[in-house]
1. Measure off 7 Å from each Cα along the Cα-to-Cβ vector at residue 31 and residue 106, then give the distance between these two points in nanometres to one decimal.
2. Provide the gained length on full extension for the span residue 194 to residue 310, in nm with one decimal, where the gain is 0.36 nm per separating residue minus the Cα-Cα distance.
3. Using R₀ = 51 Å, calculate the FRET efficiency as 1/(1 + (r/R₀)^6) where r is the Cβ-Cβ separation of residue 249 and residue 69; round to 0.05.
4. If we sort 236-244, 10-18 on the protection proxy, mean other Cβ atoms within 10 Å, highest first, what's the order?
5. By how many nm would the segment from residue 113 to residue 125 lengthen if fully extended, with 0.36 nm per residue of separation less the alpha-carbon distance?
6. May I ask which of 30/167; 27/83; 167/310; 30/124; 30/186 have a Cα-Cα span longer than 29 Å here?
7. What nm distance separates the two modelled labels at residue 172 and residue 289, each placed 7 Å from Cα along Cα→Cβ?
8. Let's test the formula: R0 of 51 Å, r as the Cβ-Cβ distance of residue 152 and residue 275. What FRET efficiency results, to the nearest 0.05?
Amino acid sequence: MSAHNTISLSIVVPVFNEEGNIANLHKEIKDVCEANGYIYEIIFVNDGSSDGTDEVCRTLKPLKYICMRKNFGQTAAMDAGIKAAQNDYIVTMDGDGQNDPADIPAMINQLLDTGVDVVSGWRKNRKDSFMKRFVSRGANLLRYLLVHDGIHDSGCSLKVYKRECFKGVNLYGEQHRFIPALLRIKGFTVGEIVVNHRPRTSGYTKYNWKRTIKGFVDMISVWFWNKFSTRPLHLLGGVGMIFELLGFACGIWSIVLFAMGRKMSNNIFPPLLTIFFVIIGLIMIIFGLMSEILVKTYYGVHVDTPYSIKSVEEFND
């Protein structure tokens, strides 16, 4: 599409202790948007920074500035920024300067040309440490096995979305990595494009082993939601029925031993297994029924956000 002046973007950037990166990143985003004639808004979400990030953000124009009350995490900051976005297309990116705003026009063009709902960046040539790349590749393998979101690099924050993708979507934990997977569950289409990845020039990485573990747990959550979000009884009830069958088999075993004249005092193991499997099976079935009720409640009521916004300000030229 050549009429770029009809394209309106909301660029959402969560920032946490990035005072040395955000001024240059803001300028790059502004230059790209103005060079391509986009209608745009830049949204920086300060996720409880303890350095000079707040002071730097207040000097940047134009900017919609969201300040969180404390550090709630990148996913919460991204969710707050996405909910504040007003334009047709939402671009998300990291605040560390490693994502290149110059990739945005090619991503927009691919989204428009292919008709997909999401275009995700693929950092094919990453400029990270060996350990970070190693952990990321391991996480990508697990994600491929569990989630099947159809992209190479879900950890890349540089993505372009149609605004309607986020209607009714609430992000938790470390789920910003799995937004394409969550959207595919809802029927949205996802594309991918190779993007530039730059070395960090200021500050330090916020990723550590704790975030890796949280990300893996959230991956399991996305897998469960993908498979059993509407019918959890299919999983829990199925497991419960397996335990019930094992209990029935152990019960037959106990009856056979009793019929053969064996003293049950010397063969207590089969009856104990019978009781154990029957009880566990009933518990799993009950959990499945309770989960069905909870899922219906989830789809029927408003879900509160797990974070608190201190202020929303706009600084214009």
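Bear in mind that the values in this text are calculations on the coordinates, not laboratory data. For clarity, every value in this text was computed on a predicted model and none was experimentally measured. Every residue, glycine among them, receives a Cβ derived from its backbone with ideal geometry; neighbour counts consider all protein chains shown.
1. Simple spin-label model gives 1.7 nm for this pair.
2. Details: separation 116, 0.36 × 116 = 41.76 nm, distance 3.63 nm.
That pair, residue 194 and residue 310, stretches by 38.1 nm at full extension.
3. Numbers: r = 56 Å, r/R0 = 1.10.
It comes to 0.35.
4. On the way: 236-244: 17.3, 10-18: 25.8.
Listed from highest to lowest mean packing, they are 10-18, 236-244.
5. Numbers: separation 12, 0.36 × 12 = 4.32 nm, distance 2.49 nm.
Gain in length upon complete extension: 1.8 nm.
6. Numbers: 30/167 27 Å; 27/83 23 Å; 167/310 23 Å; 30/124 25 Å; 30/186 33 Å.
Correct reply: 30/186.
7. Between residue 172 and residue 289, the simple spin-label model gives 2.4 nm.
8. Working: r = 50 Å, r/R0 = 0.98.
So the FRET efficiency works out to roughly 0.55.
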